[in-house]
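**Student:** One structure, as structure tokens, below. Some questions next.
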Amino acid sequence: MGSGTVSTFQIWKLTFSTANVLSGLVVFILAFAVIFFTSRHVSMRPSKGQNFLEWLIDFTNGILGGSIPAKEVSGFGLWGFTLFLFLFLSNQLGLFFNVAINGSAIVRSPTSDPIVTLTMSMMTVALANYAGLHKWGTKGYLTSFIKPSPMFLASNLFEQVSSFLTLGLRIFGIIFSGEVLLEMVWTFAESKGIPTLIAAVPIEMAWQGLSVFLGSIQAYVFLTLSSVYIGRQLEGE
Amino acid sequence: MLSHLVIDATLYNGDSIFYVVTFLLLMWLVKIFAWGPITKMMQQRSDKISDDIDHAEKSRAEAATLADQRQEALKGSRVEAQQIVSTAKSDGQEQRGQIIDKAEADAQALKAKAKDDIAQEREAALVSARNDVADLSIEIASKLIQRELNASDQKELIDSYIEGLGKPHES
């Protein structure tokens, strides 16, 4: 988090933040565990795990289907499912599992760092543009930027940039503020010993509950907006 | 970079690549372990359900036609049974009439025959009685007058005598 020094390391002139890499790995392992253990015995009559997985798949497909034309929605199902799972777990991770060594966070919500959320939104915008390019061809794709008239070129380009930024920063803002507040509650709890510790428990619980809700909502919103961007590219303006 | 736009300026280019790679790897694993098998199974299930529905519809139609056929057969057999009963009844009636008629005719014939027989027998008895009386009287007369009378003359004589006997009784 912002308060401590940030632990970093470098490979091939690329700087990595330890916290992001570790948190990303934790989320990766968690996500893999979820899909691995819920898909062990896939059968015609679904068991508990399979039921959950199928429900989740239906859920993300439903989100995608809301904005992407029905014919093309199947191509984005896997992407939407993985994105939702990854963001959901990322948002929740920091609420329950927050490790800091020497004041610098090692494991926390990956989505509380803008580089992660902007990477995600960059992938979404890239995917949306690629989908448009793939469907309409180079000419059709490029002319979509000067529709309804060439005057709109600037605004169309700006829209792409603003989509990328708002999509990434929205989720970052919510998750980051949630973690900051949790940290503030923790500081308050430590400040005057036992009484404040006891007083902090309900506040902490309430805020964690709200954050779980917000984190879920944000994962949902991210996927919804992503599918809106993709849908807009596919429909052609 | 966009680092000037965002809080804290802690953007590490390596992280971006790391997350893209991680995400794509996760997507690949999800596809292998969960997405592939689950969506395949979901597809199979929906196929099976629609198959089952089709099948159920077909068998229901089959059952309906079978029931119709049975109903029709039942109706047919009922009609047939009625026909058999009525035929038997009319046959019986006819036969009864025939039997009665035959019996009546037989009885009539028997009665007539018996009447004839009786009349014939009476006639025969009467004739033999006449002959006997005639022979007897001839014998008596021949014994009495010692004279052989012509049998036919004698018979005539006796007939007239018998007729003469019958007359006073008739009036």
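**Student:** Please work out if A:Phe59 is touching a Phe, Trp or Tyr at 6+ places or on another chain (Cβ under 9 Å), in a helix (DSSP H, G or I), more than 10 Å from every other protein chain (Cβ to nearest Cβ) and free of Cβ contacts under 8 Å to residues at least 40 places away in the same chain.
**Tutor:** It is true that A:Phe59 is touching a Phe, Trp or Tyr at 6+ places or on another chain (Cβ under 9 Å), in a helix (DSSP H, G or I), more than 10 Å from every other protein chain (Cβ to nearest Cβ) and free of Cβ contacts under 8 Å to residues at least 40 places away in the same chain.
**Student:** Can you pull out every residue in the range A:173-214 that is more than 21 Å from the chain's Cα centre (by Cα) and closer than 23 Å to A:Asn91 by Cα?
**Tutor:** A:Glu183, A:Met184, A:Val185, A:Trp186, A:Thr187, A:Ala200, A:Val201, A:Pro202, A:Ile203, A:Glu204, A:Met205, A:Ala206 - these are the residues of the range A:173-214 that are more than 21 Å from the chain's Cα centre (by Cα) and closer than 23 Å to A:Asn91 by Cα.
**Student:** Name, by its number, the condition in (1) more than 14 Å from chain B (Cβ to nearest Cβ); (2) modelled with pLDDT of 85 or more that does not hold for A:Ala126.
**Tutor:** (1)
**Student:** Filter the range A:142-188 for residues that are within 13 Å of chain B (Cβ to nearest Cβ) and not hydrophobic (A, V, I, L, M, F, W, C) and give the result.
**Tutor:** A:Ser162, A:Thr166, A:Gly168, A:Arg170, A:Gly173, A:Ser177, A:Glu179
**Student:** Suppose we filter the range B:17-51 for residues that are among the charged types (D, E, K, R) and within 16 Å of A:Arg40 (Cβ to Cβ); how many remain?
**Tutor:** 1
**Student:** Quick one: in the range B:44-67, which of the residues that are among the charged types (D, E, K, R) and away from every other protein chain (no Cβ under 14 Å) is farthest from the chain's Cα centre (by Cα)?
**Tutor:** This residue is B:Asp54.
**Student:** Given the options A:Phe152, A:Phe164, A:Phe145, name the one that is closer than 27 Å to A:Asn61 by Cα and surrounded by 14 or more Cβ atoms within 10 Å (Cβ to Cβ).
**Tutor:** Exactly one of A:Phe152, A:Phe164, A:Phe145 is closer than 27 Å to A:Asn61 by Cα and surrounded by 14 or more Cβ atoms within 10 Å (Cβ to Cβ), namely A:Phe164.
The values are calculated or read from the model by the stated rules, or taken from the named source; none is laboratory data. Because the structure is predicted, anything quoted here is derived from the model rather than measured. Neighbour counts run over all protein chains shown; Cβ positions are idealised from the backbone, glycine included.
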